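First comes the structure, then the notes that go with it.
The values are calculated or read from the model by the stated rules, or taken from the named source; none is laboratory data. Note that the coordinates shown come from a computational prediction; the quantities given were computed from them, not determined experimentally. Please note: Cβ atoms are built from the backbone with ideal geometry, for glycine as well, and neighbour counts cover all protein chains shown.
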Amino acid sequence: MKGYVFFEEDRCKGCQLCAPVCAKAVIEMSGRINVRGYHPAEAARPDDCTGCGLCARMCPDTVIRVYREVPAKAGKG
Amino acid sequence: MGQRVLMKGNEALAEAAVRAGCRFFFGYPITPQNEIPEYMSRRLPEVGGTFIQAESELAAINMVYGAAGAGARAMTSSSSPGVSLKQEGISYMAAAELPGVVVNMVRGGPGLGGIQPAQSDYYQATRGGGHGDYRTIVFGPATVQEGVDVMSKAFELADKYRTPVVILGDGMMGQMMEPVSLPEPLELAKLPLKPWATTGAKGRRPNIINSLFLDAEECEKHNLALQAKYDIIQATEQMAEIAFPDSDWFVVAYGTTARICREAIQEARAQGLSVGMVRPITLWPFPVNAFEKVVERAKGFLTVEMSLGQMVDDVRLAVNGRCPVRFFGRTGGMVPSDEEVLAEIEKMVEGRTR
Amino acid sequence: MVDKEFERPKGTEIVYERPKSLTDVVTHYCPGCTHGIAHRLVAEVLDELDARERAVLVAPVGCSVLAYNYFNLDTQQAAHGRAPAVATGIKRVLPDRVVFTYQGDGDLAAIGTAEIVHAAVRGERITVIFINNAIFGMTGGQMAPTTLLGQETTTSPKPTGRLAERAGYPIRVCEMLSQLDGAAYVARGSLSSPQNIAKAKRHIRKAFQAQLEGHGLGIVELLSSCNVGWKMSPVDALKWIDSHMVPVFPLGVFKDWSAAGVEAARLADSGVAAG
């Protein structure tokens, strides 16, 4: 199952709650500084994302959007 | 006018509120206003309204806040100690610009005080007993009939200016039975629309009812807007009655005390004394215009209150030193007699101090 | 609201996007503050119930006093502790609207105790979201009624922290309210992990259902963090909830009109006070 995760970097306050809950360790705190002066979270290994959504469930600031490929079978339905 | 019935003051005011379109009452037991919540608990269900006996007077005023913010005509009543508990809520309603009516059947204070009539909550009502630069419109009806009349006016002005309105009665008015003509019931459909109410953000931006202004400049701007409203109210909503306007001397009194003074004035005039009365009906805005009509030719004023002197401050401000202003009062629930008032009138006229 | 220029990848379905019942305003809450999670869960439930356009929020005084900037809802901001009374007034005027309060532990369990108790006594059909982070956050970290024994705050300082002899014991709101017949749903959840958050969301949904179906008051207490007040990192603060708060504030359902029989039996077996 291929997932896609997107971070609205400028909303992030660098609280780091999302990183530890990702089962595939996709997320890391980036070296950049965002407009708020925090190191935002980012998808360091986006290809490993399965679209489970745990990171978005932990995020207090709705920084993260998550999508998932529609499985082929269901797609034809 | 509507039917003419013999009614106890508390119940007449309650019925007047229902006829003014009030459908939500939140109260709490405290003598001498108990008949208001009791009456509302029977009457409101009859008209599809809601009565709640809250857990405290403080909770009750906050229920008025919520109901008013949802667009309803809402009311609470209490007596002095209970009204003290409502002051924070009234300040919030003034700041959030919410309409609502608060009846205070004043009793002897301070503290637990007594249960007999008094007027010692004048400062609290007219200066704002809560925090911040705010005012509430305050009525001081003298008879049960006038109480009924000002109740309709109170709801009208509360909606017109989006502000809380206080009706200052007293224990005597609340308990006294008098014949009254009740107004025709207002049709709810005719009540003013309230697009600002929190009814659910359907097809519009959310409505926010709020009194928080963390930014000082915003908070000042909001205060100045409120003050502009109060200036308009002061300019247009003063109400007073002048008896014998061309007299040399004047008694100033409101509410039940004014009725006692009327007796004393009759007796004084029978002795040939040139005495009239200025009777404020709105205590805020204080009726300075009425004083302007008589102050130039007046030789002196005698303010009579069931307190140790609170309205007298406003009389002095209105008279502004143009002639002497005396004070006589009984407090704690003691009611001045017409003989006592007559003696004070005679002292005033003869310029005696004792 | 999703940014305009954002394009969802082709052939994908949405797993998570910001709920419509939230605005896109970035909150003033401290980094890692779980208020943000609680806001999100309430907004998700309101979206799922299609209730945004008939919901009225009553905001408290405390960190979440500015909730009206973050929820895309009609809102009334209530005096400290009085939200349940304000909500009562609103609900009585608008019985078919979805009226809920969002309150912190200072607002609900200190100054506002009488209001929440009597809203439950009356069985008001309102929903209460109660954020228990064991501290007064907005005012800088003072002791709250839910502050744990020994917990250091600016008003329960070192060396003892909250001392029972002087400042009594943490108040357990859910256990207290579950004794009231007017309370239809009383549950305590935690925002300390994705699993707990999922469970908390189910509690929140049920608490709104209690209102929508007219059973009575629905309240969800959410164990939350205040990493700044507790002087911990956001991640450590969530661990502190599990290690320190949960033993004092057990999670679970204390009252549930819908499964009164089954639930009560289960609660009895597990030693948790049944409703």
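If we keep just the residues of region C:128-145 that are over 8 Å from C:L217 (Cβ atoms) and assigned to a strand (DSSP E or B), which is farthest from the other protein chains (Cβ to nearest Cβ)? The residue in question is C:Q142.
Does B:T126 satisfy the condition of being surrounded by fewer than 24 Cβ atoms within 10 Å (Cβ to Cβ), under 13 Å from the mean Cα position of the chain (by Cα) and more than 14 Å from chain C (Cβ to nearest Cβ)? Steps first, answer last, please.
Working: surrounded by fewer than 24 Cβ atoms within 10 Å (Cβ to Cβ): no; under 13 Å from the mean Cα position of the chain (by Cα): yes; more than 14 Å from chain C (Cβ to nearest Cβ): yes.
No.
Looking only at residues in region A:19-44 that are under 16 Å from C:G36 (Cβ atoms) and more than 10 Å from every other protein chain (Cβ to nearest Cβ), the one that is farthest from the chain's Cα centre (by Cα) is A:P40. The strands (runs of 3 or more DSSP E) found entirely in region A:11-74 that carry 3 or more residues being of a type in the set (D, E, K, R) are A:64-69.
Hand me the list of helices (runs of 4 or more DSSP H) wholly inside region C:165-266 holding 3 or more residues that are more than 28 Å from C:M138 (Cβ to Cβ) and at pLDDT 95 or above.
Numbers: elements: C:173-177, C:194-212, C:227-230, C:234-240.
Because the criterion is at least 3 residues that are more than 28 Å from C:M138 (Cβ to Cβ) and at pLDDT 95 or above, the helices (runs of 4 or more DSSP H) in region C:165-266 that meet it are C:194-212.
Table: residues versus (1) within 11 Å of chain B (Cβ to nearest Cβ); (2) at pLDDT below 95; (3) surrounded by fewer than 24 Cβ atoms within 10 Å (Cβ to Cβ); (4) touching a Ser or Thr at 6+ places or on another chain (Cβ under 7 Å).
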position	(1), (2), (3), (4)
C:R40	no, no, no, yes
C:V45	no, no, no, no
C:E48	no, no, yes, no
C:E53	yes, no, yes, no
C:V58	yes, no, no, yes
C:V61	yes, no, yes, no
C:S64	no, no, no, no
C:L73	yes, no, no, yes
C:A78	yes, no, no, no
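Residue check: is B:L226 at pLDDT below 95, within 24 Å of the chain's Cα centre (by Cα) and of a type in the set (A, V, I, L, M, F, W, C)? So B:L226 does not fit the description; no.
For region C:16-34, the condition holds for no residue, the condition being that it is more than 20 Å from B:P206 (Cβ to Cβ) and in contact with an Asp or Glu (Cβ under 7 Å, 6 or more places away or on another chain).
So which residues in region B:16-34 are assigned to a helix (DSSP H, G or I), crowded, with 21+ Cβ neighbours inside 10 Å and not small (G, A, S)?
If we filter region B:16-34 for residues that are assigned to a helix (DSSP H, G or I), which is where we start, we get B:16-19.
Remaining after also requiring crowded, with 21+ Cβ neighbours inside 10 Å: B:16-18.
Scanning region B:16-34 gives a single hit, B:V18.
Taking (1) in a loop (DSSP other than H, G, I, E, B); (2) out of contact with any His (no Cβ under 6 Å at 6 or more places or on another chain); (3) modelled with pLDDT of 95 or more in turn, B:P192 satisfies each apart from (3).
Within region B:325-344, residues that are closer than 14 Å to B:L302 by Cα have Cβ atoms under 6 Å from residues that are part of a helix (DSSP H, G or I) and of a type in the set (K, R) in these pairs: B:V325/B:R316, counting only partners at least 6 apart in sequence or on another chain.
Picking from residues in region B:201-231 that are in contact (Cβ under 8 Å) with a residue 60 or more places away in the chain and outside any strand (DSSP E or B), the one that is nearest to the other protein chains (Cβ to nearest Cβ) is B:N210. Considering A:P71, A:P40, the condition of being crowded, with 20+ Cβ neighbours inside 10 Å and either over 27 Å from C:A200 (Cβ atoms) or not basic (K, R) (or both) is satisfied by A:P40 alone. Summed over region C:82-115, the residues that are hydroxyl-bearing (S, T, Y) and closer than 19 Å to B:A74 by Cα give a count of 1. The single condition from (1) closer than 17 Å to C:H28 by Cβ; (2) within 16 Å of the chain's Cα centre (by Cα); (3) within 9 Å of chain B (Cβ to nearest Cβ) that C:Y102 fails is (3).
Could you list, in sequence order, all residues of region B:79-100 that are within 12 Å of B:H131 (Cβ to Cβ) and of a type outside the set (G, A, S)?
From region B:79-100, those within 12 Å of B:H131 (Cβ to Cβ) are B:87-92, B:94-95; that's our starting set.
Correct list: B:Q87, B:E88, B:I90, B:Y92.
Any residue that is more than 23 Å from C:S192 (Cβ to Cβ), within 11 Å of another protein chain (Cβ to nearest Cβ), surrounded by fewer than 18 Cβ atoms within 10 Å (Cβ to Cβ) and more than 11 Å from the chain's Cα centre (by Cα) - is there at least one of those in region A:45-61? So far as region A:45-61 goes, no, none of its residues is more than 23 Å from C:S192 (Cβ to Cβ), within 11 Å of another protein chain (Cβ to nearest Cβ), surrounded by fewer than 18 Cβ atoms within 10 Å (Cβ to Cβ) and more than 11 Å from the chain's Cα centre (by Cα). Which count do you get for residues in region C:90-119 that are under 22 Å from B:A68 (Cα atoms) and of a type outside the set (D, E)? Residues in region C:90-119 being under 22 Å from B:A68 (Cα atoms) and of a type outside the set (D, E): 18 in total.
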